[in-house]
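*Asks:* Sharing a structure, written as structure tokens. Questions coming.
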Amino acid sequence: MIKAVLFDLDDTLYTSFSELNARGYDAVSDWAERELGIPAASFREQAVASRRHYHTILHAEPESHDRVLQMQHALEHFGINPIPYAQRLHGLYWDALMNGMELRPGTPELLDRLRALGIKTCVCTNMMIDKQMEKLVRLGLAERFDAFVASEEAGRDKPDPRIFELCLQKCGCAPREAVMVGDNREHDIGGALALGLHGVWLNWKGEPHAKYVCPHYEAADMRGAEKCIFEILKKEGNPHALFI
């Protein structure tokens with residue numbers, strides 16, 4: 001039987017991270033021009049380059065997502081002492097991003113239905129703990145999850161098995177007793193399938209998938225993901241699990 005459903009956060013519970021990420025960099029770049037005299041376009045280019053830099057040298061390490069670190073690197077590029085400003089830019093970035101988040105339709109209803117059936121729900125997300133928890137609070141989902149794991153706690157980003165194993169430990173279940181729902185086919189679904197979980201790929205962008213050979217379920221939105229989850233529940237013998 002299925003005992004837990006794991007959910008990715010970014011681009012799964014809300015959308016769209018890429019658009020909101022761009023808003024965040026626009027906000028810090030405008031501030032850098034206004035307060036530090038650095039042309040906005042130049043600062044934005046360097047801030048994005050700093051992010052790529054740390055993703056390269058800190059591959060799959062949660063610290064690669066730390067915007068304070070990225071802002072420090074960008075400020076130093078322009079010969080500016082980052083200590084008075086890096087935290088300020090970090091806050092501006094995240095405020096701009098979080099203020100634009102839109103909860104994916106059908107998400108609260110699905111979480112409530114799973115809880116009513118006695119199935120635990122767990123956030124399984126890359127990135128730093130504090131900001132991921134803050135997103136859940138702002139989205140109104142903080143009380144709807146039974147467990148939470150960010151890659152900062154696990155020590156490695158998805159698809160590393162350690163993050164999934166920690167989720168399973170907190171939910172008290174084996175891999176075949178859990179379902180992973182996420183938008184990233186390789187990190188979310190590939191990582192989950194490799195460990196033996198069931199996978200529901202939230203392919204909301206309509207990405208081609210001929211290259212993917214691992215068996216999984218696929219949906220275009222959260223309501224479609226709900227149907228997939230309940231198909232798995234019925235297949236795995238969960239009582240009271242009916243097709244929607």
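*Asks:* Given the criterion hydrophobic (A, V, I, L, M, F, W, C), at pLDDT 95 or above and open to solvent by 50 Å² or more (accessible area, probe 1.4 Å), identify the matching residue among Ala32, Ala27, Ala49, Ala41.
*Replies:* Answer to the selection: Ala41.
*Asks:* When the residues of region 136-176 are narrowed to those that are open to solvent by 30 Å² or more (accessible area, probe 1.4 Å), in contact (Cβ under 8 Å) with a residue 12 or more places away in the chain and among the basic types (Lys, Arg), which ends up farthest from Leu111 (Cα to Cα)?
*Replies:* By that ranking, first place goes to Arg156.
*Asks:* Just to be sure, is Ser64 among the small types (Gly, Ala, Ser), over 20 Å from Thr125 (Cβ atoms) and surrounded by 16 or more Cβ atoms within 10 Å (Cβ to Cβ)?
*Replies:* So Ser64 does not fit the description; no.
*Asks:* Of everything in region 209-244, what is open to solvent by 60 Å² or more (accessible area, probe 1.4 Å), modelled with pLDDT under 90 and under 24 Å from Tyr14 (Cβ atoms)? Give them in sequence order.
*Replies:* The answer is His209, Ile244.
*Asks:* Can I ask one more? Would you say His59 is modelled with pLDDT under 95, more than 16 Å from the chain's Cα centre (by Cα) and within 30 Å of Leu141 (Cα to Cα)?
*Replies:* Yes.
*Asks:* Could you please find all residues in region 177-207 being acidic (Asp, Glu), surrounded by fewer than 18 Cβ atoms within 10 Å (Cβ to Cβ) and either without any contact (Cβ under 8 Å) to a residue 12 or more places away in the chain or not in a loop (DSSP other than H, G, I, E, B) (or both)?
*Replies:* Result: Glu186, single match.
Conditions (1) open to solvent by 30 Å² or more (accessible area, probe 1.4 Å); (2) outside any loop (DSSP other than H, G, I, E, B); (3) of a type outside the set (S, T, N, Q), marked per residue:
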site	(1), (2), (3)
Leu69	yes, yes, yes
Leu92	yes, yes, yes
Ala96	no, yes, yes
Pro105	yes, no, yes
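The values are calculated or read from the model by the stated rules, or taken from the named source; none is laboratory data. Quick caveat: nothing in here was measured; it's all calculated off a predicted structure. Glycine gets a Cβ as well: all are built from the backbone with ideal geometry, and neighbour counts include every protein chain shown. Remember, those area values only see protein heavy atoms, side chains included, never the ligands or the DNA or RNA. Shrake-Rupley method; radii C 1.70, N 1.55, O 1.52, S 1.80 Å.
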